[in-house]
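Only one structure is covered here, and it is reproduced in the block below.
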Amino acid sequence: WLVSWSMSASVTDVSPFITEKLKIPAQREDAGRALRGQDVLNLFANWPKGHTPETAHFAEVAKIFFHIVFFGGLRLGELLGTSDEDPGAKYENLDRERSILRLDTSKNGQWREVALPRFVVDMIPKGNGPMFFGHISDHTLRHYYKMATKVAGITGRLRLHDGRVTAAT
């Protein structure tokens, strides 16, 4: 079950285990949107494949990226990185035994560890160095996300941060 954020209302539908409605403070109504569980499944089931070997590679890298975002709740900068000094997630920081990804820097400048589902860890190829920095751009990631949401029939205001919001709920 996932909380369903409504763009037009300040009340959400919640898990059957919770009997009350949650109110979102007015100043936070536009903060982001969590996708429903079925929407997340449809998103990945309809992920673009690419038409050439190069676009197929980028499509697969983007799919792995968004699996980590949606199931681990990572921020774009934490995962993608921002510079050579801050390259985001690194292969050597993925503990495959414990399904934990260690991020050297987070929003507050500290390191943190993120648990990932086993199936997501199994999708990540082995390697050294940055997982995504220098291999794919935020523009390309946005392109594949937009294509996948369109084919999956997910409409409305969509942002990369929606994956983090979805994971948090």
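The values are calculated or read from the model by the stated rules, or taken from the named source; none is laboratory data. On a predicted model such as this, the values are computed, not experimentally measured, just so you know. So basically every Cβ, Gly included, is an ideal-geometry build from the backbone, and we count neighbours across all protein chains shown. These area figures cover heavy atoms from the full protein model, side chains too; ligands, DNA and RNA do not enter into them. Shrake-Rupley method; radii C 1.70, N 1.55, O 1.52, S 1.80 Å.
Here are a few things to note about the model shown:
- A simple rule links phi to the HN-Hα coupling: the Karplus curve 6.51 cos²θ - 1.76 cosθ + 1.60 with θ = phi - 60°, which for region 70-78 gives 6, 9, x, x, 7, 7, 3, x, 5 Hz, with x for Gly and Pro.
- Each label point was placed 7 Å from the Cα along the Cα-to-Cβ direction; for residue 139 and residue 57 their separation is 1.8 nm.
- Once the mean of 1/r is taken over each pair of separate Cα atoms and inverted, region 116-169 shows a Kirkwood hydrodynamic radius of 13.4 Å.
- Magnitude of the charge dipole, region 43-169, Cβ model with Lys/Arg +1 and Asp/Glu -1, debye to 20: 540 debye
- Heavy-atom SASA rank of 147, 131 (probe 1.4 Å, accessible area, largest first): 147, 131
- Shown in residue order for region 88-102 are the 3J(HN,Hα) couplings computed by the Karplus curve 6.51 cos²θ - 1.76 cosθ + 1.60 at θ = phi - 60°: x, 5, 10, 4, 5, 8, 9, 8, 5, 5, 9, 6, 10, 10, 8 Hz (x for Gly and Pro).
- Measuring max minus min along each principal axis, the C-alpha atoms of region 70-115 give extents of 28, 20, 17 Å (largest first).
- Residue 168-residue 126 FRET efficiency (beta carbon distance; Förster radius 30 Å; 0.05 resolution): 0.55
- In Hz, Karplus ³J(HN,Hα) per residue of region 44-54 (6.51, -1.76, 1.60; θ = phi - 60°; x = Gly, Pro): 6, 5, 9, 5, x, 9, x, 9, 10, x, 5
- When peptides 52-58, 66-72 are sorted by average Cβ neighbour count within 10 Å, with the highest value leading, the order is 66-72, 52-58.
- For region 60-169, the Kirkwood hydrodynamic radius comes to 14.2 Å, computed from all pairs of different C-alpha atoms.
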